[in-house]
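Below: the structure, in C-alpha cells.
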Amino acid sequence: MMPPTPPPVPRPPHRSIAGPVVLILLGVLFLLGTMGILDTHHLGLLFAHYWPALLILWGVIKLIEHEQAKRLGQPARGIGVGGVFLMLFLIGAGLIATQVARLDWNSLREHTHFGEDEDWDKFFGGPTFNYSDELSQDVPAGSTLRVTDDHGTITVNVADGKTMKVSLRKTVRAEEQKDADSYNSKTKPQLTVVDKVVTLNANTQGGGDKGVTTDMDIFVPADTTLAITSSRGNVTIAGMAADVEVNHHRGEVNINNHTGNVLLNLDGSSVRLGQVKGDVTIQGKVNEVAVEDVEGAVHMNGEFWESTRLVRISKTVSFRSSRTDMEFSRLDGRLDLDSGDLRADSLTGPMRLKTRSKDVSLEGLSGDLRLEDSNGTVEVGLYKPGNIQIDNAKGDVQVTIPPNTAIKVEARTRSGEIESDFDEIKVDNRDHQSSASGSIGTNGPPLKLNCEKGAIEIRKGTVAVVPPAPPTPPAATPNPGKRLKALPAPKAKPVESEN
C-alpha cells in the first residue's frame, strides 16, 4: 500500500502591517514638523487631540488582516509583544499630551512658586540683569519706520512733534554682573536713517545664545508708515494714521484707533483690531482673532486655529482656510467662527459660503446667498432675501422667511422629510425622497434647498427686523505675557477651537 500523503504544512501567517503603518504616519508628521511645514506647537496640539485615531487605524488594520487570514485558512497573527509596547506608548503619550494641552500655562506660571528666586535663576541659566536706554531721532514727514525685534514687546504711539523717541528696557541673563554688562554692550540697538526710511533694530541676537529681551516703547509722528518684524513678544499700535505691516511670530498683535491699511503676516500669533479706517489683511497661521469696527474691507487667508470674531465691517469680508471659503459684502452685526460652528447676524450679500463639518447659523441675511455645507446643520433667517440656494449633505436645513415676503420655493431632500408653515408650499414626503414647491406672493426671488440625508424646515418668521448686534466692550491693550482672550461668545453656543 502507498503511504498516506502527509497533510500540507500550513504557511505561516503574514506579518502584520499595523505597527509599521502607525510608525510611518507618526514619522511623516514629525518630518513635516522638522521641515517647518507644520508648526511644532500645532503638531503637538494635533497629537493631543487626535491620538486615539491612531489606535482606531491600528484596530481596523488588524481586523482586515484577521478576515483575510480566515479566507486563506491561515492562523491570524496577534498583536505581539512589540505591538503591545507600541500601543502602551501611544496611550501613555496621548493621555499626557492631552492633559498638557488643557493646562493654562499663563495662570500656572503666575501662581507657581518654584523654591526661591535663585532656584529659578539656576533653572533658566542664571539671574537676570536689567538695563534701560533712550534714543531720539528727527524724522522727515511721511517717513517709513522699519522695526526688528526678535525677542521683546513693541509699543508704538503718536509723538507730540516730529522727533522719534524710543525708550528701551532690556533684560539679560548671565552668571555675573560683568558678563551681563558685556552682553548689554554687544546688544545695543541700531538706529539708521536713509532718506525717508528709518531702521530700528533691537539687535538682541548680538548676545549669541544668551537670553536677551528688549522691550521698546516707540513714539513717532502719526503719518509714519510702519513695517515691523517681531517674535516672542506683543506688538501694540495705537493712534497711527498711515499704513502698517506686521510680520509676527508667537505673540499677540493689537492695533487700535488706526487710520490706514493694515497687513498682518502671522505665524502662531493672535490678533485684536479695533476702530480701523482702512482695509485689513490677515494671513498665515493664526490663533485667536478679534476684529471690530473696520471702515474698509477685511481679507483673511490662512489657517485659523482657534476662535475668530468679526464685528461691524463696512465693506467686503473674505475668509479662506482649508475648511471654509466665504465672502460677503457687509457685516452690520457679528460673526463668530470656530472649529464646529459659524454664527453670524445682520449680513448683507451677495454671500458665498462653502464649508464642511460645521454648523452654520445666519440671521438677518439680506441679498443673495449661495451656501454649501456637509456634515453639519444649516439655519438661515432671511431679512430681505435675494436669490437663495442652499446645498447641504448629511445635515438638516432650516430657513425662516419673514412675513409679507414674496419668494418662490423649491426644496428636495433624500432620507428626510420636509415641513412648512406656509399653505402656499405644497409638500410631498415619500420614503426615499421628499420635495416641496410653491410661491409665496408674486414675482419673488427663488429659494432653492437641496439636502442629502437630512430634514428641511421652512418656517414663518414673526417680525421682519434685523436682530441688533450685541454690545461689545472697547478693545483694550492686554498686559504683556497675558494670553489674548476673545470677546465673550453668545450664551447659546460656546466658542470652540478652529482647526
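Structural remarks
- Filtered residues of segment 447-460 (kept if surrounded by 17 or more Cβ atoms within 10 Å (Cβ to Cβ) and outside any strand (DSSP E or B)): 454, 455
- Among the residues of segment 313-334, those that are under 24 Å from residue 295 (Cβ atoms) and under 14 Å from the mean Cα position of the chain (by Cα) comprise 319, 320.
- Annotation: residue 405 fulfils all but one of (1) over 23 Å from residue 433 (Cβ atoms); (2) out of contact with any Ser or Thr (no Cβ under 7 Å at 6 or more places or on another chain); (3) in a strand (DSSP E or B); the unmet one is (3).
- Screening segment 161-176 for residues that are modelled with pLDDT under 90 and farther than 17 Å from residue 143 by Cβ and picking the one that is surrounded by the most Cβ atoms within 10 Å (Cβ to Cβ) gives 172.
- Residue 356 vs. criteria surrounded by fewer than 17 Cβ atoms within 10 Å (Cβ to Cβ), within 24 Å of the chain's Cα centre (by Cα) and part of a strand (DSSP E or B): no
- Identity of the residue in segment 360-415, among the hydroxyl-bearing types (Ser, Thr, Tyr) and closer than 23 Å to residue 452 by Cβ, that ends up modelled with the lowest pLDDT: 415
- Qualifying residue in segment 143-150 (condition: farther than 25 Å from residue 271 by Cα and free of Cβ contacts under 8 Å to residues at least 60 places away in the same chain): no
- Close Cβ contacts (under 6 Å, 6 or more residues apart or on different chains) running from residues in segment 257-277 that are buried (at least 24 other Cβ atoms within 10 Å of the Cβ) to residues that are of a type in the set (D, E, K, R) and assigned to a strand (DSSP E or B) comprise 270/252; 270/288.
The values are calculated or read from the model by the stated rules, or taken from the named source; none is laboratory data. All of these numbers come straight from a predicted model, not from anything done at the bench. FYI the Cβ positions are ideal-geometry reconstructions off the backbone, even for glycines, and counts take in every protein chain you see.
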